[in-house]
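Structure first, then comments.
The values are calculated or read from the model by the stated rules, or taken from the named source; none is laboratory data. Quantities reported herein were computed from a predicted structural model and do not represent experimental measurements. Neighbour counts run over all protein chains shown; Cβ positions are idealised from the backbone, glycine included. Heavy atoms of the whole protein, side chains included, go into the accessibility calculation; ligands, DNA and RNA do not. Shrake-Rupley method; radii C 1.70, N 1.55, O 1.52, S 1.80 Å.
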Amino acid sequence: MRLISITQIQSDMVLARPIYSSGCLILADGTTDLERYVESLGRLGIREIYIEDEISEGIDVQDVITAKTRRICKDTVRKTFSSFAKEGKLEIENVENTVDLIIEEIMQNEDVLISLNDIGVADEYTYTHSVSTTVYALMLAQRVGYSKRMMKKLAMGTILHDIGKVYIDRDVIFKEGRLTDKEYEYVKRHTLLGYNALKSCRTLSELSRIIALTHHEHIDGTGYPRGLKGKELHQFSKIVTIADVYDALTSTRCYRTKWSNKQAMDLLMQFCGTKFDTELVGKFLQLIAVYPNGTQVKLTDGRAGIVKEQNIGMPLRPIVRILNEADGTKKEIYDINLIDELNIVIAEDEFDYVADNESEQIG
């Protein structure tokens, strides 16, 4: 299995992971003749897919939760947000059940590095983001040493952290291009609106609710809505801020291309001690595969290939399946272990580009 841009789809490729929209299956794994779906996928805002082909045979892309659980969670968040928007009443029993599923699977897969990119249609980004951010936050909480009870409090707040966006005009949320200052101030209201919405749910703890209010706060006081800093922020908020930013940067948005894992990790490190808690960032980066399995990469010696497998404890030196030589020629496919090739490193991956507007992305 490997991850490719939809512009790279060829006739011999088979879809490796299903694609859903509004809880409905639109393309099943095993689908062939993918070329005929390129235009439709593009209209849905899907820019990359996982495929199986001969050159990626045997490459396993792991996830810390099953595809079924991820799908159930996204569907639950979508229905919960939709119901709240229509009726003004927040029902969280199903949310609690799905959070329990995530926690159980994460606790069973504590040694798995986060590698999978969750493919979702553009207009369901909020739901996809809510689930992925919850997974990241829970994995970090587990690394910190949280009890299962505290993990659940964290997860309940994280999965609902963007519920305030139901009050925000979709045309602004999904605007293609940079927001005006006025639009940005308008979108920032989702934090307070979300917190007030969660206050109506008596079964949620205040620790869970506060995440909606503070997930855009920074430890140096430059965040919003209150400009809190340092010890004024609960550790829940510091954890979710890291998870929220990382997932937002590594997801394709209507106004920009996704960042590579390495670029997102570099940004987190750049703002350690200012916007993000240094110790938490250090622990978070231990959970992420810098170059995930199935990612197309180019080496400093000019060869190109696909990441096949991770070397635990050596995130910058995975095993790479070589497809093209430095001169561009294709020979017999073979694997190299970058632990054994110390004079070679990965120069770039498929999603490397010059990242800009950094302050806007973490705002």
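Some values worked out for this structure:
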read-out: ³J(HN,Hα) computed for each position of the range 20-26 - Karplus, 6.51 cos²θ - 1.76 cosθ + 1.60, integer Hz, glycine/proline x; value: 10, 9, 6, x, 9, 6, 10
read-out: Cα extents of the range 1-84 along the three principal axes, largest first (Å); value: 45, 29, 17
read-out: HN-Hα J in Hz across the range 214-226 - Karplus 6.51, -1.76, 1.60, θ = phi - 60°, x for Gly and Pro; value: 10, 6, 10, 7, 10, 5, 9, x, 8, x, 9, x, 10
read-out: Cα Rg, Dmax (largest Cα-Cα span) when computed across the range 203-244, Å; value: 9.6, 32
read-out: Amide H within-cut-off set for His215, under 5 Å, with H built and near neighbours excluded; value: none
read-out: Relative contact order computed over the range 141-204 (Cα-Cα under 8 Å; 6+ residues apart), in percent; value: 38 percent
read-out: Highest to lowest packing among 185-193, 259-267, scored as the average C-beta count within 10 Å; value: 259-267, 185-193
read-out: Taking the range 270-345 and dividing mean pair separation by its residue count, relative contact order in percent (alpha carbons under 8 Å, at least six apart); value: 22 percent
read-out: Links that overshoot a 25 Å alpha carbon limit, given the list Lys231/Lys258; Lys152/Lys231; Lys175/Lys283; Lys175/Lys231; Lys68/Lys153; Lys153/Lys262; value: Lys231/Lys258; Lys175/Lys283; Lys175/Lys231; Lys153/Lys262
read-out: With every protein chain in place, the range 203-334: carbon and sulfur % of accessible area (1.4 Å); value: 52 percent
read-out: Principal axis dimensions, largest first and in whole angstrom, of the range 149-257 by Cα; value: 40, 30, 24
read-out: 5 angstrom amide H check on Ile114, placed H, neighbours 5+ away; value: Ile288, Ala289
read-out: Cα radius of gyration and Dmax for the chain (Å); value: 20.4, 64
read-out: Karplus (6.51, -1.76, 1.60) ³J(HN,Hα), θ = phi - 60°, over the range 272-285, in Hz, Gly and Pro reported as x; value: 4, x, 10, 8, 10, 5, 4, 5, 5, 4, x, 5, 5, 5
read-out: Helical mean residue ellipticity (222 nm; -39500 (n - 2.57) per DSSP H run of 4+; nearest 500) of the chain; value: -12000 deg cm²/dmol
read-out: Under 16 Å from the Cα of Lys89 - lysines, other chains or at least 8 residues apart; value: Lys79, Lys165, Lys199
read-out: Contact order relative to length of the chain, as percent, for alpha carbon pairs under 8 angstrom and 6 or more apart; value: 14 percent
read-out: Per residue, in Å², the accessible surface of the chain once ligands and nucleic acids are set aside, probe 1.4 Å; value: 46 Å²
read-out: For Glu309, distant residues with modelled amide H under 5 Å away; value: Ile319
read-out: Equivalent ellipsoid dimensions for the range 17-158 as semi-axes, Å, which come from the Cα gyration tensor, largest first; value: 28, 22, 11
read-out: Exceeding the 23 Å Cα-Cα cut-off - candidates Lys86/Lys182; Lys308/Lys331; Lys148/Lys238; Lys148/Lys188; Lys182/Lys229; value: Lys86/Lys182; Lys148/Lys188; Lys182/Lys229
